[in-house]
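To keep things clear, I will list the structure first and then write my remarks on it.
The values are calculated or read from the model by the stated rules, or taken from the named source; none is laboratory data. Quantities reported herein were computed from a predicted structural model and do not represent experimental measurements. Positions of Cβ are backbone-derived with ideal geometry, glycine not excepted, and every protein chain shown enters the neighbour counts. SASA here: full protein model, heavy atoms, side chains in, ligands and nucleic acids out. Shrake-Rupley method; radii C 1.70, N 1.55, O 1.52, S 1.80 Å.
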Amino acid sequence: MSLRRALIVCLSLIILSSSFLGIAYAEKVFRWHGSWGNTWDLSFHNGFIWVHMMGLSEGLMKWDKDMKLTNGMAESYTISKDGTVYTFKIRKDARWSNGDKLTAYDFEFGIKYILDPKNGKGSFFGGAWYIKNAKAYAQSEISDPNQVGIKVIDDYTLQITLDGPHPDFLTTCTLPTLYPIHKASVEKLGKKAFEAGNLVTNGPYKLVAYTPNVEYVLEKNPYYYDADKVEIDKIVGKLGGDAFLMYRRNEVDLINVGPAQLPVIEKDPVMKKELVIFPQSTVSVIYILAFDHPAFDDIRVLTALQKAIDKERICKFVYRGLAKPAYSWVTDLIPGSTANDPEVLEKFRYDPETARKLLAEAGYPGGKGFPTIHFLINPNQATDPLILAVKSEWEKNLGIKVIIDSLEVGVWSVKIWQLHDEPTMSFSGASILYPDPAAPLTLNYVEGALAGSLKRKDIVEYVKLELQKTEVLKTGNTEKASEITKKQRDIIYRRSTPEARKMLSLVQQAQKTTDPNKRLELYRQANKIRDLNMYGYGWTRSFVLLQPMAARLVRSNFDVPFNRYLVGFPVSFAYIKTK
Amino acid sequence: MALYIVKRLGWIIFNLLILSLIAFALIKSVPGSFLELQILLGQAGTTATGLTVSEIDKIRGVETEMMKRWGPTVPLWEQYVTFIKGVVTLNMGPSFRWPTQTIEEIIRKTFPVSFTIAVLAITIAVFIGIPLGVIAALKQNSWIDYLVSALVMIVSAIPNYVMAVFVIFLFSFWIPILPTYGWGHPKNYILPVLAMSFGPIGSIAGYMRTSLLDALKQDYIRTAWAKGGTERYVIFGHAMKNSLIPLVTILGPMISHLILGTVFVEGMFGVPGMGQYFSQAANSRDYPLMMAQTVIFGLILMVMNLIVDIIYFFLDPRIRISRR
């Protein structure tokens with residue numbers, strides 16, 4: 001055999017064997033499109049904390065595929081009789097992605113790291129703030145982290161003491177604020193420990209590559225206790241590009257589609273079949289900002305504005321039937337919601353006749369003499385057809401004038417908190433992050449509802465104090481600032497309407513109630529008061545508008561379970577299966 | 001020559017100082033802050049932040065360690081001096097938006113990418129644009145000239161992000177041979193480079209045509225013809241050489257604009273370059289990155305101009321003589 005012939009035989013053998021290997025094991029890769037996130041540091045509240053939640057990290061508890069709470073890193077737990085002390089047993093087979101053993105110390109380190117005011121400034125703390133002294137530590141009121149109610153009993157036993165009974169604490173253990181962080185790597189590398197290549201995680205996946213603005217790549221974590229149940233080997237998250245074009249070219253398996261793409265999808269028989277629609281907890285809300293005009297103290301005017309919006313029509317035509325009208329703040333996905341309460345449904349039902357009549361009674365027949373309404377929107381909202389639809393409904397049904405002011409995002413972020421000369425509104429989405437009746441009625445929401453019930457002149461006073469405080473904080477005079485905050489709280493708590501204060505007392509009662517049925521009923525009543533009076537968040541009154549159904553395209557070869565409460569991300573990458 | 005370069009470098013430093021001072025004043029007077037935007041647009045569930053009114057205040061009032069340099073309690077002059085110190089000592093600190101990376105790291109990682117893409121795009125533009133311009137000039141007022149001029153007009157009028165969509169349709173859908181998105185494979189360079197080179201092709205061809213036409217009317221060309229020179233000798237030996245000089249002047253600024261001004265193309269194709277970082281910096285009020293970006297853009301532009309002038313010095317003997 002000549003040398004040449006031998007070479008050819010060798011080469012073909014190599015090619016043959018490699019192709020057989022290829023058949024024997026094809027890597028299962030799931031690629032999806034999401035355009036957010038800039039650091040993997042859990043102490044920063046940015047989009048990547050949800051990637052942590054979906055597969056990089058795992059808390060003491062986790063969600064199963066059907067959104068039921070199950071044990072995660074905790075093998076078992078006990079709760080003290082008064083509901084304030086939680087003792088978790090960490091599973092013995094828990095490992096980090098580098099093979100290290102995961103202990104209770106990592107949880108202590110992680111939670112304290114996130115609370116530490118020196119670290120990233122998350123605006124979201126979830127259940128971490130239920131922990132005794134956690135809030136004080138996070139806000140620099142105390143400097144000793146040992147005062148925070150987290151205690152390591154031994155390597156596998158963690159004791160957490162809360163500042164009161166919070167029946168939803170276990171649920172919040174699924175959220176990123178209560179995740180463990182690999183102590184050794186952070187102590188060694190500092191912030192660099194959160195970069196791809198250095199990041200050590202405890203979930204079903206590990207981060208193997210990350211190019212900012214381009215993509216990240218996760219691979220199966222072989223040390224995960226349930227690794228053999230994780231089906232997909234690799235997850236690729238694309239962070240840019242035109243999602244729709246990429247989907248059509250089969251470069252991604254999952255994208256988020258908006259109303260603009262729906263007509264195209266409807267015409268395409270293949271894509272139409274691939275469209276997955278599911279409910280989520282977000283509602284689009286219009287906020288009335290701070291300005292002084294007597295018309296907006298008049299309940300008749302506010303009711304007329306609500307009743308003049310044909311939400312059914314907007315859902316049907318603007319959102320092509322993919323959104324659902326909402327008449328309540330909290331969707332029926334959350335226990336304790338009054339979304340289907342007939343009284344709530346009736347109160348703000350579309351009725352242009354009554355709306356015009358109410359407006360006329362208030363002194364503005366046919367919209368005559370009614371001030372022009374301004375909408376402040378940022379560039380991210382410019383493509384949302386919702387505001388245009390509302391504008392046309394109001395102009396058509398009430399004869400009032402609406403102007404849309406599109407602002408640069410930074411300018412917008414300042415303007416929405418300022419005082420305005422003319423009636424001004426903005427819009428935003430409100431999402432509930434976990435399915436517990438307490439989630440939509442935390443203290444911030446209740447304060448928001450109280451503020452939302454204030455009269456216009458009180459709101460103006462409140463905002464003036466706010467602006468004054470911003471100036472004071474620039475000088476570093478925190479004493480003066482907290483004095484102003486006290487005045488603001490006075491306004492909110494003393495001048496709000498009796499219904500709003502009743503809502504507050506219901507929530508306060510519910511927080512102390514451990515009986516689940518009683519607690520649920522109290523929260524339900526509080527929700528109903530809010531829905532019937534439409535108290536907003538902050539110092540605004542709000543209009544609940546639409547409950548958009550998340551629309552996702554999923555390539556038919558994957559089975560992706562969605563988390564209904566988390567604005568539509570998959571519950572966990574670990575549950576994705578190939579069909 | 002050496003003295004000239006040293007003088008110019010001195011001016012560059014002086015200009016950068018003025019530039020950074022103006023930029024600093026402007027950036028600081030724009031409303032909005034990083035924290036405010038983080039709170040408001042903090043991703044999923046913006047209003048479900050779980051904070052009460054007084055808690056939000058606390059967050060507004062207290063900066064994280066990394067923001068102390070730029071916080072409202074630090075006097076403005078001190079912030080500026082810290083920044084300049086950072087530039088000089090190459091220690092500009094972390095970016096707000098990318099807290100695990102320092103500004104230097106971001107630049108070190110992204111500059112080579114942007115630079116490569118820009119140089120590739122310009123190279124393509126030169127190799128296509130110059131012949132197009134020459135053909136148009138030599139066949140002046142013929143249908144070829146009109147065709148080239150029309151094409152030049154069209155490609156220089158269409159912005160590169162529209163071109164980006166066009167090349168995606170062309171090479172990913174009609175002739176499906178290239179991926180629309182991604183980085184790391186040589187294939188990934190083709191579409192962004194192509195999308196970015198169309199504009200420069202237009203301007204280079206346009207410049208070349210005018211400048212060659214101009215040169216062909218000069219006296220020395222007539223002399224060359226009179227001496228019995230062949231067409232090849234006259235056009236490529238005399239006219240071309242001289243008409244390339246004005247082209248050099250536009251290439252410098254062109255490259256510096258391509259390095260930084262490619263936000264859309266980068267976002268569209270997933271190119272990890274500087275443009276996206278910088279546009280996001282402005283949108284999220286990432287002061288350190290915004291400042292660094294302004295200085296770098298100024299620096300690139302001025303250095304490119306310096307290089308152009310040096311090349312000019314060697315290309316055009318008249319400049320050398322006038323300097324002496």
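Tabulated results
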read-out	value
Only one of A:ASP531, A:ASP490, A:ASP515 that is closer than 19 Å to A:LEU443 by Cα, surrounded by fewer than 23 Cβ atoms within 10 Å (Cβ to Cβ) and acidic (Asp, Glu)	A:ASP490
When residues of region A:261-286 are limited to those that are out of contact with any helix residue (DSSP H, G or I) (no Cβ under 9 Å at 6 or more places or on another chain) and under 21 Å from A:VAL390 (Cα atoms), the one surrounded by the most Cβ atoms within 10 Å (Cβ to Cβ)	A:THR282
Per-region count, region B:268-286, residues in a helix (DSSP H, G or I) and open to solvent by less than 20 Å² (accessible area, probe 1.4 Å)	6
Set A:GLY203, A:GLY237, A:GLY241: member being over 22 Å from the mean Cα position of the chain (by Cα), of a type in the set (Gly, Ala, Ser) and crowded, with 23+ Cβ neighbours inside 10 Å	A:GLY241
Single residue of region A:374-407 satisfying the filter (of a type in the set (D, E, K, R) and surrounded by fewer than 15 Cβ atoms within 10 Å (Cβ to Cβ)) that is nearest to the other protein chains (Cβ to nearest Cβ)	A:ASP405
Some residue of region A:310-332 being farther than 30 Å from A:ILE400 by Cα and open to solvent by 20 Å² or more (accessible area, probe 1.4 Å)	yes
Test: residue in region B:246-266 that is within 14 Å of chain A (Cβ to nearest Cβ) and open to solvent by 30 Å² or more (accessible area, probe 1.4 Å)	yes
Condition check for A:ILE232: buried (at least 18 other Cβ atoms within 10 Å of the Cβ) and not assigned by TED's automatic domain parsing to the domain that holds A:LEU102	no
Residues satisfying the stated conditions in region A:162-199, i.e. among the hydroxyl-bearing types (Ser, Thr, Tyr) and closer than 26 Å to A:LYS68 by Cβ	A:THR171, A:THR172, A:THR174, A:THR177, A:TYR179
Residue among B:PHE173, B:PHE236, B:PHE127 that alone is within 30 Å of A:LYS238 (Cα to Cα) and part of a helix (DSSP H, G or I)	B:PHE173
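One line per residue, one yes/no per condition, for (1) at pLDDT below 95; (2) of a type in the set (Gly, Ala, Ser); (3) within 21 Å of A:GLY203 (Cα to Cα):
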{"site": "A:TYR86", "(1), (2), (3)": "no, no, no"}
{"site": "A:LYS118", "(1), (2), (3)": "yes, no, no"}
{"site": "A:GLY122", "(1), (2), (3)": "yes, yes, no"}
{"site": "A:ILE131", "(1), (2), (3)": "yes, no, no"}
{"site": "A:GLN139", "(1), (2), (3)": "yes, no, no"}
{"site": "A:GLN147", "(1), (2), (3)": "yes, no, no"}
{"site": "A:ASP163", "(1), (2), (3)": "yes, no, no"}
{"site": "A:PHE169", "(1), (2), (3)": "yes, no, yes"}
